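Asks: Just dropping this structure here.
No value in this document is a laboratory result; all are computed from the given coordinates. Computed from a predicted model, the values in this text were never measured in an experiment. Note: ideal-geometry Cβ built from the backbone for every residue, glycine included; neighbour counts use all protein chains shown.
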Amino acid sequence: MNKQTDTDVIINGKKYTLSGYESNEYMQQVASYLNKKHTELAAQTDFRYLDKETQSILMQLNIADDYFKLKNQMKNKESEGDTKNNEIFDLKHEIISLQTKLEACEKELSAAKESFYEEEKKNIRLETELKDLRQGTNRMKETGEKKKNGKMMWLPETGGTFGGKN
């Protein structure tokens, strides 16, 4: 716990000793604030002609006005802070939702890529088989062979007999 301190301050040209548990710097700030208020009010011509009690009441009213304005500002800032915290919460929730969707899309993309690669492999295998079959057909044409009902037949142009008979 802080210990009680005594601080000498000057308010409106008079020296006062303030005692409290606040720091010396804080007590000097309070005195400075009061001096600023005195200076503001003293700058008004009519203020000088008022009696001391009325001057004191006006000073207190000005200080109370500052207090309530700051209190309202603080409430507004807290309200803004709550609104911003809610917005941040909503944005974080949206980010998590979007990350979940992204992960699902990445899994779907991965599965689609895998399926695509499998289809590509099948396509390459089928193209290779087709190429081999075309080469076999071309070879058969070149050698004069023809396949019918699973039997090899010689074409008449090549000197063989038609229908597989000798």
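Asks: For region 72-89, in order, what is each residue's ³J(HN,Hα) by Karplus, 6.51 cos²θ - 1.76 cosθ + 1.60 with θ = phi - 60°, in whole Hz (x at glycine and Pro)?
Replies: 5, 4, 5, 4, 4, 5, 5, 5, 4, x, 5, 4, 5, 4, 5, 4, 4, 4
Asks: Once you've got the Cα coordinates, tell me which of Lys14/Lys37; Lys15/Lys37; Lys3/Lys71; Lys37/Lys69 are over 25 Å apart.
Replies: Going by Cα-Cα distance, Lys3/Lys71 fall outside the 25 Å limit.
Asks: Between beta-carbons, use under 12 Å as the cut-off and find the net charge around Gln135, counting Lys and Arg +1, Asp and Glu -1.
Replies: +1
Asks: Going by amide H atoms built from the backbone, whose H comes under 5 Å of the H on Glu22, apart from near neighbours?
Replies: Thr5
Asks: Here is a further query. Ignoring everything except DSSP H segments at least 4 long, calculate the 222 nm mean residue ellipticity for the chain; use -39,500 (n - 2.57) per segment, divide by total residues, nearest 500. Show your work: numbers first, answer last.
Replies: Values: 3 runs with 115 residues, N = 166.
For the chain, the value works out to -25500 deg cm²/dmol.
Asks: With only alpha-carbon atoms counted, please give the Rg and Dmax of the chain, in Å.
Replies: Computed over the Cα atoms of the chain, radius of gyration and Dmax are 49.6, 147 Å.
Asks: Let me ask another. For region 114-147 and region 83-97, compute the distance between their C-alpha centroids and round to whole Å.
Replies: 59
Asks: For every other residue with a beta carbon closer than 15 angstrom to the beta carbon of Leu126, add +1 if it is Lys or Arg and -1 if Asp or Glu, then tell me the sum.
Replies: Numbers: positive: Lys121, Lys122, Arg125, Lys131, Arg134; negative: Glu118, Glu119, Glu120, Glu127, Glu129, Asp132.
Summing Lys/Arg as +1 and Asp/Glu as -1 gives -1.
Asks: List the residues whose amide H sits under 5 Å from the amide H of Ile11, counting only those 5 or more places along or on another chain, with H placed 1.01 Å from N in the peptide plane.
Replies: Tyr16
Asks: Rg(Cα) of region 1-49 divided by 2.2 N^0.38 Å?
Replies: Details: Rg = 13.5 Å, N = 49, 2.2 N^0.38 = 9.7 Å.
So region 1-49 has a normalised radius of gyration of 1.39.
Asks: Near Leu58, within a Cβ-to-Cβ distance under 15 Å, what is the net charge of the other residues, with Lys and Arg +1 and Asp and Glu -1?
Replies: -2
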